[in-house]
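Visitor: Quick one: the structure is below, questions incoming.
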Amino acid sequence: MTLPPIHWQRWYDERLNANNNELWLLNLVPPVAEIAGNKWLKLHNALQQRLPTQGILSLGGAFSNHLAALAAAGHYYHFPTIGLVRTEQLDLNNPTLAQCLKHGMQLHALTRTQFRQRSSSEFNLYLQQQYPDYLVIPEGGSNLQGAAGVATLPLAETPNGIADLLCCATASGGTLAGLIQRYPLTQILGLAVVKDSALTDKVKLCLPHSMIAAANDQNWSIQPADSNYAKVSNELIDFCCQAKQQQNISIEPVYTGKALQQLFRLLDQGKIPANKRIAFFHTGGLQGLAGLHYRKILSEQQFDLLNR
Ligand SMILES: Cc1ncc(COP(=O)(O)O)c(C=O)c1O
């Protein structure tokens, strides 16, 4: 897998101009469209590390961008994949799961209680015994290797120069950890899209030991989420629709839209100083729009606009 080229898109907005701030969105242009955003980077090392005879097994929610990307990687790079899905029962009409199946992923349902055990050593031993021919990677692809993949690209180097502040949506923590590894001297902000009091520790688990010892949290922080994971308000949907209509920027409300909305709140509240060049890593997730439409969270019209 070669690393993807970077495409920068500037977000023009009076709220930025007011304080002489600049906002740049960084998009990766992956050779395989279905492995978009942070997914290409987070999967990169697992694919290199996988033995030729091994498949890859991972876990995720029923609309997981990570499972969708892993299934696509298996399909295009010819290796078997298994997805353990947090759900009582597999709904094969769910567009994400349908796409995973189309790409040849074997799917198994895990109840919420089973899913909660996912980090335990017993569960991981069970997986190794049950699936000896598979490399197991955690939910979201967030581990040391996943974060190291994110650290391979110059994600803070905007067309106008190095960013003063580098941001991304944060859920399982690997992406933020990758940015921290790459840029120990740049201010980095993870905009949490999940309410998770253990998120800082999860990020640290994706950092090499030498960095954890040095990690005094000075150059990075996490802005806590103000709503639960995948809670999508009308205001948030409007925010995403306006980004499309006014900036021609495609975002979705679960990750990038929610994180950017948070970023603008911080700007409005004066919590981001003036004269800053801000880079926001667009981590993908647009495949999730079909699932939001399927669950009637997005209307037909909103889906058409955002998915265009
Ligand atoms: C589209 C998208 N953006 C951001 C994230 C958050 O990245 P991380 O889980 O590495 O914190 C995810 C989840 O993996 C995602 O699917």
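Visitor: Shape verdict for the range 1-85, please, from the Cα gyration tensor: rounded (a/c under 1.5), prolate (a/b greater than b/c) or oblate.
Guide: Verdict is prolate for the range 1-85.
Visitor: Once phi is turned into θ = phi - 60°, what whole-Hz ³J(HN,Hα) does the Karplus curve with 6.51, -1.76 and 1.60 give for every residue of the range 169-179, x standing for Gly and Pro?
Guide: Here the 3J(HN,Hα) series is 6, 10, 10, 9, x, x, 5, 4, 4, x, 5 Hz.
Visitor: Would you mind telling me which residue in GLY284, GLY257, GLY161 has the biggest mean-square fluctuation in a Gaussian network model of the chain, where springs connect alpha carbons within a distance under 10 angstrom?
Guide: GLY161
Visitor: Could you point to the residue in THR152, ASN124, SER142 farthest towards the positive end of the range 78-178's charge dipole, with +1 and -1 charges on the Cβ of Lys/Arg and Asp/Glu respectively?
Guide: ASN124
Visitor: Among ALA243, ALA156, ALA198, determine the one that fluctuates most according to a GNM of the chain built with springs between C-alpha atoms less than 10 Å apart.
Guide: It is ALA198.
Visitor: If you don't mind, there's one more thing I want to ask. Nearest 20 debye, what's the magnitude of the dipole of the chain about its Cα centre given +1 on Lys and Arg Cβ and -1 on Asp and Glu Cβ? Mind dumping the intermediate values first?
Guide: Details: 24 positive and 21 negative charges, 39 e Å.
Here the chain has a charge dipole of around 180 debye.
Visitor: What span do the alpha-carbon atoms of the range 39-141 cover on each of the three principal axes, reported in whole Å from largest to smallest?
Guide: Principal extents (largest minus smallest coordinate, Cα): 32, 32, 21 Å.
Visitor: Run through the DSSP bridge list for the chain and note the antiparallel percent, rounded to the nearest 5.
Guide: Among the beta bridges of the chain, antiparallel pairing accounts for roughly 20 percent.
Visitor: Measure off, as a whole percent, the carbon and sulfur share of the 1.4 Å-probe accessible area of the range 39-141, all protein chains present.
Guide: 49
Visitor: If you don't mind, there's one more thing I want to ask. On a 0 to 90 degree scale, rounded to 10, what angle separates helix 38-49 from the longest Cα axis of the chain?
Guide: 40
Visitor: Also: Could you give the C-alpha radius of gyration of the range 168-217 expressed as a fraction of 2.2 N^0.38 Å, taking N as the number of residues it contains? Numbers along the way, then the final one.
Guide: Working: Rg = 10.1 Å, N = 50, 2.2 N^0.38 = 9.7 Å.
Here the answer is 1.04, to two decimals.
Visitor: Could you give each residue of the range 265-271 its phi-based ³J(HN,Hα) in whole Hz, using Karplus coefficients 6.51, -1.76, 1.60 with θ = phi - 60°, and x for Gly or Pro?
Guide: 4, 5, 5, 4, 7, x, 7
Visitor: Starting from the amide H of LEU107, placed 1.01 Å from N in the peptide plane, find each other amide H under 5 Å away whose residue is 5 or more places distant or on another chain.
Guide: Amide H neighbours of LEU107: GLY83.
Visitor: Counting Lys and Arg as +1 and Asp and Glu as -1, each charge on the Cβ, what is the dipole of the range 39-141 about the Cα centre in debye, to the nearest 20?
Guide: Magnitude of the dipole: close to 200 debye.
Visitor: Same structure again: Among ASN228, PRO4, GLN181, whose Cα projects farthest towards the positive end of the dipole of the chain, with charges put on the beta-carbon of Lys, Arg (+1) and Asp, Glu (-1)?
Guide: Toward the positive end, the furthest listed residue is GLN181.
Visitor: Also, quick follow-up: Check LEU135: other-chain or 5+ apart residues with amide H under 5 Å from its amide H, H built from backbone geometry?
Guide: Result for LEU135 returns GLY55, ILE56, LEU57.
Visitor: How are the Cα pair distances of the range 217-308 distributed, in percent, across 5 Å bins from 0?
Guide: Final binned percentages: 2, 12, 23, 25, 17, 10, 6, 3, 1.
Visitor: Any number yet on Rg/Rh for the chain, C-alpha, Kirkwood?
Guide: Working: Rg = 18.7 Å, Rh = 19.7 Å.
Ratio value, two decimals: 0.95.
Visitor: Take the solvent-accessible surface of the protein heavy atoms, probe 1.4 Å, and return the percent of it on the range 191-291 that carbon and sulfur atoms account for. Spell out each step's value before the answer.
Guide: Numbers: 2110 of 4540 Å².
Carbon and sulfur together cover 46 percent of it.
Visitor: Please give the per residue accessible area of the chain, computed with a probe of 1.4 Å over protein heavy atoms only, in Å². Before the final figure, lay out each step's value.
Guide: On the way: 14020 Å² over 308 residues.
Per-residue value: 46 Å².
Visitor: Rounded to the nearest 5, what % of the DSSP beta bridges within the range 104-249 are antiparallel ones?
Guide: In the range 104-249, approximately 15 percent of DSSP beta bridges are antiparallel ones.
Visitor: Please report how far the C-alpha centroid of the range 83-132 lies from that of the range 173-242, rounded to the nearest whole angstrom.
Guide: Taking the Cα centre of each part, the range 83-132 and the range 173-242 sit 25 Å apart.
Visitor: I want the antiparallel fraction of DSSP beta bridges within the range 1-125, as a percent rounded to 5.
Guide: Counting DSSP beta bridges with both partners in the range 1-125, the antiparallel share is about 35 percent.
The values are calculated or read from the model by the stated rules, or taken from the named source; none is laboratory data. None of these values were measured; they are calculated from a predicted model. All Cβ positions, glycine included, derive from the backbone under ideal geometry; neighbour counts span all protein chains shown. Accessible surface areas use protein heavy atoms only, side chains included; no ligands, DNA or RNA. Shrake-Rupley method; radii C 1.70, N 1.55, O 1.52, S 1.80 Å.
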